[in-house]
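Presented below is the structure to which this report refers.
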Amino acid sequence: LDIMQVTPAGVYAAWLWRGPLVLDFWGSDIMRLDQRPWLVRLLMRRVVAKADCIHSVSRQMTAALASRGARKATIETFQYGVDLAAFRFALGERRAETVVWSRGLREFYRLETMLRAWPAVLARRPRARFVVTQHDASIDRWKALADELGIADSVAFVGRVSHEELAETLRRAA
């Protein structure tokens, strides 16, 4: 069983699943664990101890996992990567005026921070465009914020796009 976003799914899996358990930690799952309730911190020790394999994206995250009881032999540390064959970026300075957001709309991705910063981008690059893909929640709130900030004309909420279209959009983006 491969678990992404370990809290709360990994907690359930550690208690209920009897087969091999693979955990793909997100940064906030372990790096901000001290801000979580004591019960979650306690349960996380059970989760990392039960895992047969843990994917960590940084040395800092690996150290945090080990300090929480994960066996070092079960941790594989490697970054998520970009397929450079799929993203044939040109060498040299890229002057594109498009920024692509493909993280989603849920609160923890902090799209609001980007939208609130966008007027500062426009002050320096008036033709800049902000393209928001991957709608995993309602966009009404974000469209209203863009209107309120006066940036609606430079922000496009395009929704989910195919992998090929996303690759092409990213190739053209800043």
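Every number in this text was worked out from the coordinates using simple rules, so none of it is lab data. Model, not experiment: these values are computed from the prediction. A quick note on method: Cβ atoms are made from the backbone with ideal geometry, for glycine too, and the neighbour counts reach across all protein chains shown.
Starting at the first residue of the range 63-71, write each ³J(HN,Hα) from the Karplus equation 6.51 cos²θ - 1.76 cosθ + 1.60 with θ = phi - 60°, in whole Hz, x for Gly and Pro.
5, 5, 4, 4, 5, 9, x, 6, 6
With n ≥ 4 as the cut-off for DSSP H runs, can you work out [θ] at 222 nm for the chain, using -39500 (n - 2.57) per run divided by the number of residues, rounded to the nearest 500?
-12500 deg cm²/dmol
How much net charge surrounds LYS143 when only the other residues with a Cβ under 14 Å from the Cβ of LYS143 are counted, with Lys and Arg +1 and Asp and Glu -1? Show your work: numbers first, answer last.
Working: positive: ARG141; negative: GLU112, ASP140, ASP147, GLU148, ASP153.
In short, -4.
Across the range 123-134, in residue order, what do the Karplus-derived ³J(HN,Hα) couplings come to in whole Hz, using 6.51 cos²θ - 1.76 cosθ + 1.60 with θ = phi - 60° and x for Gly and Pro?
Residue by residue, the range 123-134 yields 4, 9, 9, x, 8, 4, 10, 10, 9, 10, 10, 6 Hz.
So what is the relative contact order of the range 31-174, in percent, for Cα pairs below 8 Å that sit 6 or more residues apart?
Relative contact order comes out at 22 percent.
Looking only at the range 23-174, where both bridge partners belong to it, what percent of the DSSP beta bridges are antiparallel (to the nearest 5)? If you can, show how the numbers build up before the last one.
Working: 0 of 13 bridges.
In the range 23-174, DSSP labels about 0 percent of beta bridges as antiparallel.
Would you work out which of ALA156, GLY27, SER138 lies farthest towards the positive end of the dipole of the chain? Charges go on Cβ: Lys and Arg +1, Asp and Glu -1.
Positive-most Cα among the choices belongs to GLY27.
Provide the per-residue ³J(HN,Hα) series for the range 158-170, in order, calculated from phi with Karplus coefficients 6.51, -1.76, 1.60 and θ = phi - 60°, each as a whole number of Hz, with x at glycine and proline positions.
Listing the rounded values in order: 9, x, 5, 10, 5, 4, 5, 5, 5, 4, 5, 4, 5 Hz.
Please list the non-local residues whose amide H lies under 5 Å from the amide H of ILE75, H modeled 1.01 Å from N, same-chain partners needing a gap of 5 or more.
ILE54
With the cut-off at 1.5 for a/c, could you classify the range 107-174 from its C-alpha gyration tensor as rounded, prolate or oblate? Write out the running numbers ahead of the final one.
Values: a/c = 2.00, a/b = 1.18, b/c = 1.69.
Oblate is the answer for the range 107-174, as a/c is 1.5 or above yet b/c matches or exceeds a/b.
Over all alpha-carbon pairs of the chain, lay out the pair-distance distribution in 5 Å bins, whole %, shortest bin first.
Calculated P(r), rounded to whole percents: 1, 7, 14, 14, 13, 13, 13, 12, 8, 4, 1, 0.
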